[in-house]
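**Student:** Below is a structure I'd like to ask you about.
The values are calculated or read from the model by the stated rules, or taken from the named source; none is laboratory data. Just so you know, these numbers come straight off a predicted model, no measurement behind them. Methodologically, a virtual Cβ is constructed for each residue, glycine included, from the backbone with ideal geometry; neighbour enumeration extends over all protein chains shown. The area values use the complete protein model at the heavy-atom level, side chains included, leaving out ligands, DNA and RNA. Shrake-Rupley method; radii C 1.70, N 1.55, O 1.52, S 1.80 Å.
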Protein chains: 2
Amino acid sequence: MFVHTVFFWLKHPESQADHDALRAGLGSLKEITDISAAYVGTPAETRRPVIDHSYDFSITFVFADKAAHDTYQEHPIHLKFVDTCAHLWTRVQVYDAVG
Amino acid sequence: MFVHTVFFWLKHPESQADHDALRAGLGSLKEITDISAAYVGTPAETRRPVIDHSYDFSITFVFADKAAHDTYQEHPIHLKFVDTCAHLWTRVQVYDAVG
């Protein structure tokens, strides 16, 4: 199993249009059939010192293995997403885990 | 849907015994039936500037909703895990997302 987790910080978090555009872009990624399970989220209302809730959007995409993840990275829908949406964020933080 | 993601940095990453103990502790959490999907992992071999691969273990636990997550937090198996394993880590970083 390969879990690909990404947190996005918007360049203009005050812009509802940017929120909507990134949400739509992230939603488009779910069409990629190499993904076994896809979760797109926003920060929960939990608050503890160990919780980072500063991000605007997160994705957790589960793949069968690294090969499926690598295919996803090069998938036209993913490449189009990066091309269309990269200007919206100021930072992304990625964690890839295998288990 | 509620996705609870935690990254753990071991106090003594050079200790195989500590790796084994934390892995066993994290594995025990999977018995908690409030969790809809449970992934325990270690850093993948992906390397890009945006990827943080400095942690030793990760968990991604998916819950139906925040109520299920809250029940998990207070579950005896989870409390026992924290009691047994907290001395093993030097840092935890939590991200909770809803979507």
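**Student:** Check whether at least one residue in segment B:58-70 is over 15 Å from the mean Cα position of the chain (by Cα), under 29 Å from A:ALA67 (Cβ atoms) and part of a strand (DSSP E or B), and report yes or no.
**Tutor:** no
**Student:** Report whether or not B:ILE35 is in a loop (DSSP other than H, G, I, E, B) and buried (at least 18 other Cβ atoms within 10 Å of the Cβ).
**Tutor:** yes
**Student:** Filter segment A:38-50 for residues that are facing chain B (nearest Cβ under 7 Å) and small (Gly, Ala, Ser); which is surrounded by the fewest Cβ atoms within 10 Å (Cβ to Cβ)?
**Tutor:** The qualifying residue surrounded by the fewest Cβ atoms within 10 Å (Cβ to Cβ) is A:ALA44.
**Student:** Something else about it: Assuming B:LEU26 fulfils every condition listed in (1) farther than 26 Å from A:PHE8 by Cβ; (2) open to solvent by 40 Å² or more (accessible area, probe 1.4 Å) apart from one, which condition is it?
**Tutor:** (2)
**Student:** Okay, moving on. Can you name the condition, by its number, that A:ASP34 falls short on among (1) under 19 Å from A:VAL3 (Cα atoms); (2) within 10 Å of chain B (Cβ to nearest Cβ); (3) touching a helix residue (DSSP H, G or I) at 6+ places or on another chain (Cβ under 8 Å); (4) of a type outside the set (Ser, Thr, Tyr)?
**Tutor:** Failed condition: (2).
**Student:** Quick one: B:HIS53 ticks every box in (1) open to solvent by 50 Å² or more (accessible area, probe 1.4 Å); (2) assigned to a loop (DSSP other than H, G, I, E, B); (3) more than 9 Å from chain A (Cβ to nearest Cβ) except a single one, so which number is it?
**Tutor:** It fails just one condition, (3).
**Student:** Keeping to segment A:9-26, report how many residues are assigned to a loop (DSSP other than H, G, I, E, B) and either polar (S, T, N, Q) or on the phi > 0 side of the Ramachandran plot (or both).
**Tutor:** 1
**Student:** Could you identify the single residue in A:THR42, A:THR90 that is in a strand (DSSP E or B), under 25 Å from B:ALA37 (Cα atoms) and in contact with a Phe, Trp or Tyr (Cβ under 9 Å, 6 or more places away or on another chain)?
**Tutor:** Of A:THR42, A:THR90, the one residue that is in a strand (DSSP E or B), under 25 Å from B:ALA37 (Cα atoms) and in contact with a Phe, Trp or Tyr (Cβ under 9 Å, 6 or more places away or on another chain) is A:THR42.
**Student:** If you check A:SER58 against the conditions, is it small (Gly, Ala, Ser), without any contact (Cβ under 8 Å) to a residue 60 or more places away in the chain and in contact with a Phe, Trp or Tyr (Cβ under 6 Å, 6 or more places away or on another chain)?
**Tutor:** yes
**Student:** Take segment B:69-99 and flag every residue that is open to solvent by less than 20 Å² (accessible area, probe 1.4 Å) and within 17 Å of A:GLU45 (Cα to Cα).
**Tutor:** B:HIS69, B:TYR72, B:VAL94, B:TYR95, B:ASP96, B:ALA97
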